[in-house]
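The values are calculated or read from the model by the stated rules, or taken from the named source; none is laboratory data. Keep in mind the model is a prediction, meaning the values are calculated, not measured. Every residue, glycine as well, gets a Cβ built from its backbone with ideal geometry; the counts of neighbours run over all protein chains shown. Remember, those area values only see protein heavy atoms, side chains included, never the ligands or the DNA or RNA. Shrake-Rupley method; radii C 1.70, N 1.55, O 1.52, S 1.80 Å.
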Amino acid sequence: MTQQGEVLLAVKGLKTYFHTDEGVVKSVDGVTFTLNKGETLAVVGESGSGKSVTSLSVMRLIPMPPGEIADGEILFNDRGTVKDLTKVSETEMRSIRGNEISMIFQEPMTSLNPVYTVGDQIAEAVMLHQNKNAKEAREVAIEMLKFVGIPAPDKRVDEYPHQLSGGMRQRVMIAMALSCNPALLIADEPTTALDVTIQAQILDLMRKLQQEIGMSILFITHNLGVVAEMADRVVVMYGGRVMEEGDVIEIFKAPRHPYTMGLLNSIPRPLTAEQAADKKNLRLEAIPGNVVNPLNLPPGCAFEPRCKFALPACREVVPPLEDTGGGHMARCIRWQEFEAVQEGGGDYNSLHSQEVAR
Amino acid sequence: MTRMDNDTPQGPQTDAATRTGATITEIIPGPAATLTVSDNVSASQTTAPAPVSADVTASAAGVQPSGAMQTVMIGTSVQTGEPVMAEVPAFTAAGERSEPLLSVRNLQKHFPIKGGFFGRTVGSVKAVDGVDFDLFRGEVVGLVGESGSGKTTVGRTLLRLVEPTGGDVIFKGQDVVKMNKRQLREVRRDMQIIFQDPFASLDPRMTVEEVIGEALDIHKLHQGAERKPRVAELLQRVGIRPEQMVRYPHEFSGGQRQRIGIARALAVSPDFIVADEPVSALDVSIQAQVVNLLQDLQQELGLTVLFIAHDLLVVEYICDRIIVMYLGKIMEIAPSHQLNNDPQHPYTEALLSAAPVPDPTIKRQRIILEGDIPSPINPPSGCVFRTRCRYAIPQCAEVVPALREVKPGQFKACIRDDIL
Ligand SMILES: Nc1ncnc2c1ncn2[C@@H]1O[C@H](COP(=O)(O)OP(=O)(O)OP(=O)(O)O)[C@@H](O)[C@H]1O
Ligand SMILES: Nc1ncnc2c1ncn2[C@@H]1O[C@H](COP(=O)(O)OP(=O)(O)O)[C@@H](O)[C@H]1O
Ligand code: SF4
Ligand code: SF4
Ligand SMILES: [Mg+2]
Ligand SMILES: [Mg+2]
């Protein structure tokens, strides 16, 4: 899986800034990653880490001003021709957006028009991208609703968004997004607002559709369970930067960045019988402090104020994103030491800042 | 049954023909099972007092097949309201416990729906529809279920922030439902609530000191010169620097706001707290901090907590027992580890199966519940879960399942004992 296959999207050194009254918000500050054809790349990180701004930058939907793509390239393989999406004309971008890249959001209500029926909205997308008349487009709309698993699609086609449940609205969004047969689907927290039961339906649907259509998915989420379930590869973001990138199993089993380790340790796991029998002393391993404010990034490593492995050197320069082997990237000056622990030498405790200081 | 897979071992097949008078035989999807209902007492028959006797074969995964059976009430008939009896595998019941701190009996909340020209009541939303449970002193009990299942409404009716339509809430021996205003104010010193975003409902122009101080003023506690030190002490305890009490809610992050919400609830030293999704809106790293804080405080102060949430792993982590709700009713109650590892109700099984597991090496078949939770205005007859239950049989529409103990300390509202 690693770095093989044909590249569909390559983001290189992307910087997206917002000029606000309080100063320059460096929402995305030099983000680099690649997404291969047919692959699902998950982007994880806590709120404010720059996930949405990254995806909106790829779609070129950043409001400008106050936003600005200050630097970097977004290389998109448009059926054999590589285009830099930061440079193509607005007309061309509109065509790419409609035909090659689609996006679904957390709250479908914001992207569905409340005054049109769902059928009209899908039909409009179909007429725009496929050479079909109104009657044919309606037929396609019903087909699409059926395709995404909406019961009684011939009735639902005439309903308005507010008449549908959250899960059904998300299915309608997916139907619209897929009506142009995109090469890339960007899904920004598509199941965050849904119940786990409905989330399971939507994730199942996305997996099936991906197998049928062969599209790539850029899946943005903060839920590590969803990442484990959906992703081939993972990008971990914090403070507008990529902290770690790699194959999903590597990220979960051999994380090379303290932020990734912290995230993994924060989530509760199923308890063993012994743990369950004596819960009094059980505590989660929380990351201390608060999520970093992109208006106020520390000078060195963005995670330094919360990192239990931090050394004085971490405060001096922004650590580079380094290849730790086989395309597993980490932005931490101490990744070799973590690798050594994972490969059987010593333990993490001896690497804690206080221990090192002694 | 373990939480990682869902191929239940096959239960012993019972030949329906070997049973006397058997007529209705249903082979249902999922684990093989045979439910036999005796002819002379069919589910639709109206002869009282014990109209139905169902022999249900014990599944291998269920209660150990000791062979002993007992006749119990498994529900009430939709048509007659009479009890429906069945013979089910016997087990030893859990030992008696001490007096509960809080006992909820047949709690109901039906929100009226207004319609027509004169705003007449044209129906009702059955948000909570006959709920029974006990909370024991010092216990942390989780309340889970899909959105709209009635969790918040239960939490609020306990404190009478929402007036119940019926039922009793016995707190320390007194019925909260029957209390007058003065008694209510008194009892609310002992019963507090924490919200998902404690500041959403508060005046943004109040400082943290005012927000917490207000809780003290209502009950005339720590007044005058004692007030500020008390606020400082509370903030300190939840991990906020006391000098920050002069700040406004919007100046704090989500996690800090939740800490302040906890301080506010603890200000009057309550015995019992309803925590309504206190960590659901927080980032995972911050969620872990707040979960740890809640655990520390609960143990230190011996609090009894009803913890409303939707993440079953978080709930297992901090709760002793878990209550699972669906469409205004309780589906299952069990000790948390037992519920997560050996669910007895099909809805619990499906909820557990739906939750994504943070381990990419585990690939599992999940149970996908079809469709959405039905409208609480017109809930399905009989078992409310039957429209999405993969084990549903015709009798499920005829019988409202009773919540009954099926293993020590584990209660379920499902008429079938031959499935999980
Ligand atoms: N004031 C009200 N008037 C009418 N219906 C209401 C009112 N409050 C709640 N309901 C309805 O009662 C049902 C239960 O709602 P409740 O908020 O208790 O669910 P919940 O389990 O807390 O859900 P969530 O997980 O979304 O918080 C829902 O169908 C809801 O729409
Ligand atoms: N239009 C905007 N103006 C100013 N700041 C913004 C804007 N959009 C996003 N930001 C800021 O950029 C940072 C990253 O945001 P976002 O990408 O939405 O994070 P997330 O990882 O939660 O999706 C946040 O601090 C956010 O406040
Ligand atoms: S560079 Fe230093 S502060 Fe940053 S994650 Fe690595 S050890 Fe921690
Ligand atoms: S009683 Fe309800 S939960 Fe039990 S099998 Fe029937 S439909 Fe399913
Ligand atoms: Mg976002
Ligand atoms: Mg609620």
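Take each of the peptides A:171-178, B:218-225, B:188-195, average the number of other beta-carbon atoms within 10 Å over its residues, and list them starting from the highest.
Averaged packing, sorted descending, gives the order A:171-178, B:188-195, B:218-225.
Quick check for me: using +1 on Lys/Arg Cβ and -1 on Asp/Glu Cβ, what's the dipole size of the stretch B:102-321 about its Cα centre, in debye to the nearest 20?
860
Report relative contact order for the stretch B:137-224 in percent, whole number only (criteria: Cα-Cα under 8 Å, sequence separation at least 6).
Contact order relative to length: 15 percent.
Using a 1.4 angstrom probe on the protein heavy atoms only, line up B:Ser375, B:Ser353 by accessible area, largest first.
Ranking B:Ser375, B:Ser353 by accessible area, largest first, yields B:Ser375, B:Ser353.
Sort A:Lys135, A:Lys146, B:Lys172 by accessible area with a 1.4 Å probe, largest first.
A:Lys135, A:Lys146, B:Lys172
What is the distance in Å between the Cα centres of the stretch A:318-333 and the stretch B:305-362?
Measuring centre to centre over Cα atoms gives 39 Å.
So which of A:Lys37/A:Lys87; A:Lys12/A:Lys87; A:Lys26/A:Lys51; A:Lys146/A:Lys208; A:Lys12/A:Lys37 end up more than 20 Å apart by C-alpha?
Going by Cα-Cα distance, A:Lys37/A:Lys87 fall outside the 20 Å limit.
Rounded to the nearest 5, what % of the DSSP beta bridges within the protein assembly as shown are antiparallel ones?
70
In Å, what Kirkwood hydrodynamic radius results for the stretch A:111-179 from the alpha-carbon pair distances?
Evaluated over the stretch A:111-179, this radius sits at 11.5 Å.
Could you compute Rg(Cα) / (2.2 N^0.38 Å) for the stretch B:314-374, with N its residue count?
Relative to the 2.2 N^0.38 Å estimate, the stretch B:314-374 comes out at 1.18.
Sorted by accessible area with a 1.4 angstrom probe, largest first, how do B:Lys126, A:Lys253 fall?
A:Lys253, B:Lys126
Taking Cα centroids, how far is the stretch A:78-129 from the stretch B:168-215 in Å?
49
Rounded to the nearest 5, what % of the DSSP beta bridges within chain A are antiparallel ones?
Of those bridges, close to 65 percent are antiparallel.
Can you tell me the Rg and the Dmax, both Å, for the Cα atoms in the protein assembly as shown?
Rg, Dmax (Cα atoms, Å): 28.3, 85.
What dipole magnitude, in Debye to the nearest 20, does the stretch A:265-357 give about its Cα centre under +1 on Lys/Arg Cβ and -1 on Asp/Glu Cβ?
In total the dipole reaches around 480 debye.
Could you state how much accessible area is buried at the B-A interface, both sides summed, with a 1.4 Å probe, in Å² to the nearest 100?
3800
Averaging sequence separations of C-alpha pairs under 8 Å and six or more residues apart, then dividing by the length of the stretch B:150-291, give the relative contact order as a whole percent.
That works out to 31 percent.
Name the residue from B:Gln183, B:Tyr248, B:Ser147 whose Cα lies farthest towards the positive end of the charge dipole of the stretch B:102-321, charges +1 on Cβ of Lys and Arg and -1 on Cβ of Asp and Glu.
B:Gln183
For peptide A:263-276, compute the average count of partner chain beta-carbon atoms within 10 Å of each residue's beta-carbon.
6
From other protein chains only, count the Cβ atoms within 10 Å of every residue's Cβ in B:247-258, then give the mean.
Mean shielding by partner chains, rounded to a whole number: 1.
For the stretch A:111-179, with only Lys/Arg (+1) and Asp/Glu (-1) charged at the beta-carbon, what is the dipole magnitude about the Cα centre, in debye rounded to 20?
140
Could you give each residue of the stretch B:187-192 its phi-based ³J(HN,Hα) in whole Hz, using Karplus coefficients 6.51, -1.76, 1.60 with θ = phi - 60°, and x for Gly or Pro?
5, 6, 5, 9, 10, 10
Semi-axes of the equivalent ellipsoid for the stretch A:265-357, please: Cα gyration tensor eigenvalues, times 5, square-rooted, ordered largest first, whole Å.
28, 19, 14
If you find the alpha carbon centre of the stretch B:389-415 and of the stretch A:1-48, how far apart are they in angstrom?
50
Using only alpha carbon pairs under 8 Å that are at least six residues apart, calculate the relative contact order of chain A and give it in whole percent.
19
Write down, largest first, the equivalent ellipsoid semi-axes of the stretch A:289-338 in whole Å, where each equals the square root of 5 times an eigenvalue of the alpha-carbon gyration tensor.
Over the Cα atoms of the stretch A:289-338, the ellipsoid semi-axes are 20, 12, 10 Å.
Averaging over all projection directions, find the projected area of the Cα convex hull of the stretch B:212-307 and quote it in nm² with one decimal place.
Seen from a random direction, the Cα hull of the stretch B:212-307 projects 6.1 nm² on average.
Report, by chain and number, residues whose modeled amide H sits under 5 Å from the one on B:Val140, excluding near sequence neighbours (fewer than 5 apart, same chain).
Residues meeting the amide H criterion: B:Val305, B:Asp320, B:Arg321.
Just the accessible area for B:Glu233, please: 1.4 Å probe, Å², rounded to the nearest 10?
110
Please report, in Å, the Rg and the Dmax of the stretch A:73-115, where both are computed over Cα atoms only.
In Å, with Rg to one decimal and Dmax whole: 13.2, 39.
Need one value: the accessible area of A:Val24 in square angstrom, 1.4 angstrom probe, rounded to the nearest 10.
Counting only protein heavy atoms, the figure is 60 Å².
What accessible area, in Å² to the nearest ten, does a 1.4 Å probe give for B:Val131?
0
Over the Cα atoms of the stretch B:102-321, what is the Rg over Rh ratio if Rh follows Kirkwood?
Computed over Cα atoms, the ratio is 0.98.
Extent of chain A along each principal axis, from alpha carbon coordinates, in Å, largest to smallest?
Here the Cα extents, ordered largest to smallest, are 76, 54, 43 Å.
If you take the charge dipole of the stretch A:296-349 about its Cα centre, with +1 on Lys and Arg Cβ and -1 on Asp and Glu Cβ, which of A:Tyr348, A:Thr324, A:Ala313 is farthest toward its positive end?
Of the candidates, A:Ala313 comes out farthest on the positive side.
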